[in-house]
1. Which of the numbered conditions does Thr115 fail, given that it passes all the others? Conditions: (1) outside any loop (DSSP other than H, G, I, E, B); (2) surrounded by 14 or more Cβ atoms within 10 Å (Cβ to Cβ).
2. Is it the case that Arg97 is loosely packed, with under 14 Cβ neighbours inside 10 Å, of a type in the set (Lys, Arg) and either modelled with pLDDT under 95 or not in a loop (DSSP other than H, G, I, E, B) (or both)?
3. Within the range 1-56, how many residues turn out to be over 16 Å from Arg107 (Cβ atoms) and among the hydroxyl-bearing types (Ser, Thr, Tyr)?
4. Would a scan of the range 183-192 turn up a residue that is under 24 Å from Gly78 (Cβ atoms) and among the acidic types (Asp, Glu)?
5. Would you pick out the residues in the range 171-188 that are under 23 Å from Ala30 (Cα atoms) and not hydroxyl-bearing (Ser, Thr, Tyr)?
6. If Thr183 satisfies all but one of (1) among the hydroxyl-bearing types (Ser, Thr, Tyr); (2) closer than 27 Å to Pro38 by Cβ; (3) under 19 Å from the mean Cα position of the chain (by Cα), what's the number of the condition it fails?
7. If you scan the range 132-149, which residues turn out to be crowded, with 18+ Cβ neighbours inside 10 Å and either β-branched (Val, Ile, Thr) or farther than 21 Å from Glu195 by Cβ (or both)?
8. Filter the range 65-89 for residues that are assigned to a helix (DSSP H, G or I) and under 17 Å from Ser186 (Cα atoms) and give the result.
Amino acid sequence: MKKILFLHGFYASGQCVPALALRESFEGRAEVLTPDLPMHQKDAIEFIRELIDREKPDLLVGNSCGAFYAQIVAPIVGIPALLGNPHFQMTEFLKQRIGEHQYKSLRRDGKQDFTINEALIEEFAELEAIQFNYCNPCYKDRIWGLFGEQDTLAHFEPLFLEHYNQSFHFPGGHTPTAEEVHTWYSPLAEKMLMEYPMPKDDLQR
């Protein structure tokens, strides 16, 4: 059975609506992994790399900050990726939200509170500065972007198209509803699984 690794947005968790909807869409056809990502970017990237090494997914699907991570990791590990409303300027997003916050969906460790501070913003600035360093011609068609026409948070399709070729739209906002996942995310993910099959012994480490 194929495997999809879903990477959620900054305020979300592996139990967010898009994650659950993607799992429902592929029930019986593919296993959809929906882990909780660490808040700090270095921890998140390390966690994602270790999970990929262990689970060997066939496709990455990310939304918002999760798509930011997916774009960085995909060409390194040699896995195609679907980026939903990728937020390529996380520092700007975080600067406007300094203070105490709560995750919008339940996390498995039960910790719902977190803090955005200058140190966290600096961490993301480091990664943001090198986020496209691993782009290569082989991946111009293997990383697809899906952009909500009503998205009021991320407007990075022009930047995406500087590096990749496959861009799609859906009539929704930044965080897709379950119906939008079923209608737009899942069919594109299924198409990518068919077009870019992953020989398990060819995964790059």
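1. (2)
2. No.
3. Qualifying residue count, the range 1-56: 1.
4. Going through the range 183-192, the residues under 24 Å from Gly78 (Cβ atoms) turn out to be 185-192.
Now drop any that are not among the acidic types (Asp, Glu), which leaves 190.
There is at least one residue in the range 183-192 that is under 24 Å from Gly78 (Cβ atoms) and among the acidic types (Asp, Glu).
5. Pro176, Ala178, Glu179, Glu180, Val181, His182, Trp184, Pro187, Leu188 - these are the residues of the range 171-188 that are under 23 Å from Ala30 (Cα atoms) and not hydroxyl-bearing (Ser, Thr, Tyr).
6. Failing condition for Thr183: (2).
7. From the range 132-149, those crowded, with 18+ Cβ neighbours inside 10 Å are 139, 142-148; that's our starting set.
Ile143, Gly148, listed by residue number.
8. Once the filter is applied, which keeps residues that are assigned to a helix (DSSP H, G or I) and under 17 Å from Ser186 (Cα atoms), the range 65-89 yields Gly66, Ala67, Ala70.
The values are calculated or read from the model by the stated rules, or taken from the named source; none is laboratory data. These figures come from a predicted structure and were not determined experimentally. For neighbour counting, all protein chains shown are included, and Cβ atoms are generated from backbone atoms with ideal geometry for every residue, glycine included.
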